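Every number here is computed from the coordinates shown, using simple stated rules; none is lab data. It should be emphasised that the depicted structure is a prediction, and the values quoted were computed from it without experimental measurement. Note: ideal-geometry Cβ built from the backbone for every residue, glycine included; neighbour counts use all protein chains shown.
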Amino acid sequence: MHSPESVLDDTKSLEQPRQLPGDLAMWCFILAELLAFLLLLGSMAFARGHWSELFSAGIATLHPEAGLINTVFLLTGSYFAANAVHQAQAGNRKALVWGFILASACGLLYVGVKVTEYSMLFADGYNLRSSTFYFFYFFTTFFHMAHVLIGMLILLVVAWRCHNGHYANQEKARMASESAASYWHMVDLVWLVLFPLLYVLP
């Protein structure tokens, strides 16, 4: 049987609703970004439905190994970011700083692979004006890469501020780290939708 103290603790935990991680303003920003991506992906899905053969031919010219490598980089970055938030909750600011730096390094590797892939496609004569598929491919992936760069900047700013003691207490450091990591996870989630749409599905 449970003791009265454990029952009381369980009751308190049920009475306290689980809050979103991070700051509400960041979540409003994330939702706005997701809406932009939703509109873009919806337009691409509409175009794909009308020019399926064109899209299939375009997908065949891409480099799925590059997309897979970038998926690994982003997922690894998300692991580092999530672990950093866990460390921040425990009051370990040094681990938070290094976790966000490592997550940003994964983002930099992603950008390096993406730019290399762009260069290979440009060398083969493909660009935004080659076809409807390439317009959506270059525009969508570049738009996403810009968000990877923004996510890296947010992570590094939070890491720098934490390292220099700009957060007055552990609660503020926790809120900032959760907000930064939430944005990074959003970028990762969008890529997990883009990768199969652009590299896997025929």
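Hey, of (i) 16.5, 51; (ii) 17.8, 63; (iii) 20.6, 73, which did the structure itself give for Rg and Dmax of the Cα atoms in Å when calculated?
(iii)
Based on DSSP H assignment, which helices of the chain show an axial Cα extent of at least 27 Å together with a mean Kyte-Doolittle hydropathy greater than or equal to -1.0?
Passing helices, by number: 24-50, 64-89, 93-123, 132-163, 170-195.
Over the chain, what is the relative contact order in percent, taking alpha-carbon pairs closer than 8 angstrom and at least six residues apart?
Relative CO of the chain lands at 33 percent.
With a 10 Å cut-off between alpha carbons and a GNM built on the chain, which of Val113, Val85, Val187 moves the most?
The residue with the greatest mean-square fluctuation here is Val113.
Using the Cβ atoms and a cut-off under 15 Å, what net charge is assigned to the surroundings of Gly107, where Lys and Arg are +1 and Asp and Glu are -1? Provide the component values of the computation, followed by the final result.
On the way: positive: Lys114; negative: Asp188.
Within the 15 Å Cβ shell, the charges total 0.
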